[in-house]
1. How tilted is helix 169-179 with respect to the longest principal axis of the chain? Cα atoms for both, answer in degrees (0 to 90, nearest 10).
2. Considering only DSSP beta bridges whose two residues both sit in the stretch 207-303, what percent are antiparallel, to the nearest 5?
3. How high is the relative contact order of the chain, in percent, counting Cα pairs under 8 Å that sit 6 or more residues apart?
4. For a label point 7 Å from the Cα of Asp76 along Cα→C-beta, name the residues of the stretch 94-117 whose backbone N is under 18 Å from it.
5. Count the DSSP beta bridges whose two residues both fall in the stretch 1-157, then state the antiparallel fraction as a percent rounded to the nearest 5.
6. With only alpha-carbon atoms counted, please give the Rg and Dmax of the stretch 39-78, in Å.
7. Quickly estimate the mean residue ellipticity at 222 nm for the chain, helices only: each DSSP H run with n ≥ 4 gives -39500 (n - 2.57), and the total goes over all residues, rounded to 500.
8. Output the 0 to 90 degree angle, nearest 10, between the alpha-carbon long axis of helix 543-563 and the longest principal axis computed from the alpha carbons of the chain.
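Every read-out reported here was derived from the displayed coordinates using simple, explicitly stated rules and does not represent laboratory data. This is a predicted model, so every value here is computed, not measured. Using ideal geometry, Cβ is built from the backbone for each residue, glycine included, and neighbour counts are taken over all protein chains shown.
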Amino acid sequence: MNRGVTVRRMPLPVILAVDEDETSLRDIERELSDRYERSYRIVAVGSTPEAHEEVARLADAGEEIALALAGESLRDAPGSEFLVGVRKRHPQAQRGLLIDYAAWGHNPTGEVIFAAMARREIDYYVIRPTRAPDEMFHQAISTFLLEWSHARRLSSHTVHIVGESWAGRAHELREVLGRCALPHAFVLADSPEGRDLVADAGTATGLPLVVFPDGEVLVDPSNAELTIAAGGPVDPEGRDFDLVIIGAGPAGLSAAVYGASEGFSTLVIDSGGIGGQATLSSLIRNYLGFPRGISGRRLAEEAYEQAWVFGAHFAFMQQATGLKREEDRVVVALSDFADVNARAVILASGAAYRRLEVGDIESLAASGAGVFYGGPATEAPAMADRHVFVVGGANSAGQAALHLAEYARQVTIVVRASSLGAGMSHYLVEQVEAAPNITVRLETEVVGGGGEGWLERLILRSRSKSDAETVQADALFLMIGARPNTDWLPTEILRDDRGFIRTGIELADTPDWQLERAPLPLETSMPGVLAAGDVRDGSMNRVASAVGDGSIAVRLVHDLLATN
Ligand SMILES: Cc1cc2nc3c(=O)[nH]c(=O)nc-3n(C[C@H](O)[C@H](O)[C@H](O)COP(=O)(O)OP(=O)(O)OC[C@H]3O[C@@H](n4cnc5c(N)ncnc54)[C@H](O)[C@@H]3O)c2cc1C
């Protein structure tokens, strides 16, 4: 049944430009109006006071700024300072610093940009347009607008989840759609939009509802039903492959791109969807080729598409539950379907966060009721005006705190160590210390917490005080170290004492290696089975190194099959 989805008329989102150079402002206004006027309202002003007034007026009127552009140096303040103010009133606005073409490559301008990006004051820079049409300018503008629409879940393919609260089953369904790389939005059932969607769906009972853009409606579907409806494959279809990859995180997706592109019939199996831990990262800034940074989810979506167009097969919501060697094949057992087998297997099952297991923390986490394991990529916008806590002392905790600080009233990082620098990169420590709404509690642990249906309080114990202290808390993000996803593997796959898979030459002298030839670099103790990414003992825990491992593993599969 295709009833379509009711669309409420909203005022057009605004593209706001402020520049003191009259000619430049005229060029910017012309280029923006020519290209975007049907979908956005263009506002161009020549001074910072006017721009501030406009920002406040729009916020008070409930109108949204999608993109703000500001000249690098304005008379009253640097453009980046104005753009910080924009985010305070319009949390999802993209912010671009306008620079001259001639300034590109100049050290002083470069330094302004590096600093503003490091402090998250701007999203990127834009070179002022010159002759019309300036396609370079438009490429920058459309990238900003795409990022904004992703953050606002405004894609025309957005799936709506209608639920009674953010928590519980609605939260789990959002996670499933997130892992399948589908744009989705949560709508409260008793909001005007929620009531419209429920009325359009024509079903009197049952929440949460999942409403697809073509009008298809599912009432409280299972994860597998939702994945299938969303177009995600769950059945591997075939049984015999050249290469089976366990895990669709960065390592598995990379192996899929290389495996499929090099002519192997390739199957990727994941117990969730795509992207693995990377989907928890709101902005990966150190992955080659993405100077403005990229969210882990977007990176995974692009990689999935790339593997798919090379012909890789996928099976989501499938747990690999066993692995054995049978003559020249490796057999993988699956949770819901018959075994699949391959000439070679790449284990890219990564790692997952350790659990805190104190007070009511685990039950609140299970229903997404204010306690979240991993980064705040999805939850951050809902944290406006709240006091949130981040537990952890590594880079991922620093990134999470900085991202949350753009929305939340107050962010508190709770760390067991006696200094932030003990586990966090210097550049992140600097950013955390410079953020006015982040505080750090060193030598402190969360020892309890609870709330009625949503997290309300945490119990903290600090090394310097004998009594534990109860603090009011609106949300908790736990980034407390990872455990490898290797419990399901047979004992023939040798692991270190923490469970990470041992590979390569370090196996050569162990009794577990039984062939005459030396093991290949990423080969495990089961011949024909390689390991890539975070699941491997000695991995670098980076997206780039996982991707590198995935490509190397495929190169080694060629060698392995030639040797056999
Ligand atoms: C919050 C956060 C921020 C980060 N930020 C950055 C950053 O800025 N830069 C950077 O370089 N790195 C960053 N990282 C690290 C980076 O995300 C990881 O190093 C990378 O994702 C590892 O990739 P992987 O493919 O090895 O494993 P994972 O990403 O862990 O993927 C493993 C996949 O295997 C699946 N799986 C597990 N067991 C099974 C099974 N039995 N059957 C089927 N499937 C299974 C899982 O569902 C998962 O999808 C960050 C990590 C986190 C958590």
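1. That works out to roughly 80 degrees.
2. Here the antiparallel bridges make up roughly 50 percent for the stretch 207-303.
3. Numbers: 1208 pairs, mean separation 60.6, N = 564.
Rounded, it is 11 percent for the chain.
4. What the label zone holds, given the 18 Å backbone N cut-off, is 98.
5. Working: 1 of 20 bridges.
That works out to approximately 5 percent antiparallel.
6. That works out to 10.7, 31 Å for Rg and Dmax.
7. Values: 14 runs with 169 residues, N = 564.
Mean residue ellipticity at 222 nm (helix-derived): -9500 deg cm²/dmol.
8. The angle comes out at about 30 degrees.
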